[in-house]
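S.K.: Below is the structure I would like to discuss, written out as C-alpha cells.
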Amino acid sequence: MVGSIALVGLLFPATAQAQAACVWQRAELPVPAGHGNPAVKGVGGAYTVALTRATPTPGIVRWHNGQPALLGSPAQDATFYGAPRDVSANGTVLADLVPTAGPPVGEPYVTLLDGTHKPLGTPSPGQQKVAVAINAGGDVVGYTSVDGVQRLVVWHASDYSKPQVLGAGDPAGIDDAGFILAKPGIRYKQGEIAKPLKKPAGATQIQVHGYDNNTAAGLAVIGDSFYATVWNADGTVRHVMSTGKAQSANSQGTVLNGGPIHKLWRAGQEADLPVPGPANYTQAFVTERDTVVGNYRDDVDGYAAEWTCG
C-alpha cells in the first residue's frame, strides 16, 4: 500500500504529508529581569510553570495567559531552592525543595495562587515521599515505600498535611476526577474497580508515560517496535501512531513524543512541528487549547514559548 504501512489491522502514516501543514504562530513567555533560560516543567489550564536560571539560586516562574509571576520559595537559606514539577489548572504549583549541591533529593511542597507554601505530609516518620503530578483541583499524586513495596499516595488539596496511602503502584498522573493513572496502564481510584487500559490489536505490552489534560499517552509494543499510543477516557485505544513514545496529549487527539527527539501527531498522523520548535532533550507539552508549550533555543540562550497552529 503506497504511502502507509499496514500492521496488525492498524494503519500507520508513513510521512507527515498526510496531515495538513500548520502555519505556526509563536507567543513568547517572558521571564522577569535577572532570570533566563527557562525550562518548562508543566502546564495546567491557562498556567505554565518553569525553572529559571538566576543568581544565587534558580527561580520558579508561573505564567497565567502568558503573563509571568516570580514565585518565592520556602527555602530558609541559599543552599536550597524550589524546583517545579507541575502546575494545576487552579494555579497551584507542585515543586521540590532541593539542595544546590549534593543528591537532588527534595522535599515536596505546593505553592498556592496567593503565594502560600504548603509542605506535603510524610506518610510515616522516616518514609520517603515523592510527588509526581497535580490535577485541576490541586490534588497531588506520588508514591512512598512501605516495607519495601512502592505504594501510591494522594495528598488532597483540602489538607496537604494528611497523605492518603493506597495500594502498590507507580503513578504517571492524576485526572480531575481523582483517578490515578498507574504504570504500565491502569486507572485507579480508592473504592472503585481498577480499570486497565486496553492493548491495541497485536500489542504484547503497553506503558503509559503521561496523563496531561486527563488523556493517557504512552506506547504499545507491537512486534519488535514501540508505537506511540493515546487512549480515550474510557480506556479504549484512540490512536496508535508511528514509532515513538507519546508523552503529552489532549482530548482533541494532538500528541507529543516524549523525546529526546520531539515529534508531533494530529488525529493519529505525523505533523510538522514549528521551526524553531521545542528543543530536543527538553520537556514540552500540548494543552487543551490545542497549543504546544516548551522551550526553544538560539545559538546562546533558551526561551519559553507557546505555539498555535493557524
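S.K.: In vacuo Debye scattering of region 44-124, one point per C-alpha: log10 I(q)/I(0) at q = 0.15, 0.23, 0.24, 0.25 Å⁻¹?
M.R.: Computed log10 I(q)/I(0) values: -0.49, -1.09, -1.17, -1.24.
S.K.: Over region 68-109, what per residue volume does the convex hull of the Cα atoms give, in whole Å³?
M.R.: Taking only Cα atoms, region 68-109 has a hull volume of 76 Å³ per residue.
S.K.: Among Val130, Ala27, Ala83, pick out the residue whose Cα is farthest towards the positive end of the charge dipole of the chain, where Lys and Arg carry +1 and Asp and Glu carry -1 on C-beta, about the Cα centre.
M.R.: Sorting the options by dipole projection puts first Val130.
S.K.: Can you work out D for region 266-310 in µm² s⁻¹ from Stokes-Einstein, where Rh is the Kirkwood radius over C-alpha pairs, the temperature is 20 °C and the viscosity is 1.002 mPa s?
M.R.: 190 µm²/s
S.K.: Next question. Using the C-alpha gyration tensor of region 155-310, what are the square roots of 5 times its eigenvalues, in whole angstrom, with the largest one first?
M.R.: Computed over region 155-310, the values are 27, 21, 13 Å.
S.K.: Reported to two decimal places, what Rg/Rh ratio describes the chain when computed on Cα atoms with Rh from the Kirkwood expression?
M.R.: 0.97
S.K.: For the cross-link pairs Lys41/Lys118; Lys162/Lys199; Lys189/Lys245; Lys118/Lys263; Lys129/Lys183; Lys129/Lys199, which exceed 27 Å when the distance is taken from alpha carbon to alpha carbon?
M.R.: The answer is Lys162/Lys199; Lys118/Lys263; Lys129/Lys199.
S.K.: Additional query: How big is the dipole moment of the chain about its Cα centre under a simple scheme where the beta carbon of each Lys and Arg is +1, that of each Asp and Glu is -1, and everything else is neutral? Debye, nearest 20, please.
M.R.: Dipole magnitude for the chain comes out near 500 debye.
S.K.: Taking neighbour counts of Cβ atoms within 10 Å as a proxy for exposure, in what order, fewest first, do Arg266, Arg26 appear?
M.R.: Arg26, Arg266
S.K.: Which shape class, rounded, prolate or oblate, goes with region 86-186 when its Cα gyration tensor gives a ≥ b ≥ c as root eigenvalues, a/c under 1.5 marks rounded, and past that a/b bigger than b/c marks prolate?
M.R.: oblate
S.K.: Distance from the Cα centre of region 238-307 to that of region 52-93, in angstrom?
M.R.: 23 Å
Values in this text are rule-based calculations from the coordinates and carry no lab data. All of these numbers come straight from a predicted model, not from anything done at the bench. All Cβ positions, even for glycine, are placed from backbone atoms using ideal geometry, and neighbour counts span all protein chains on display.
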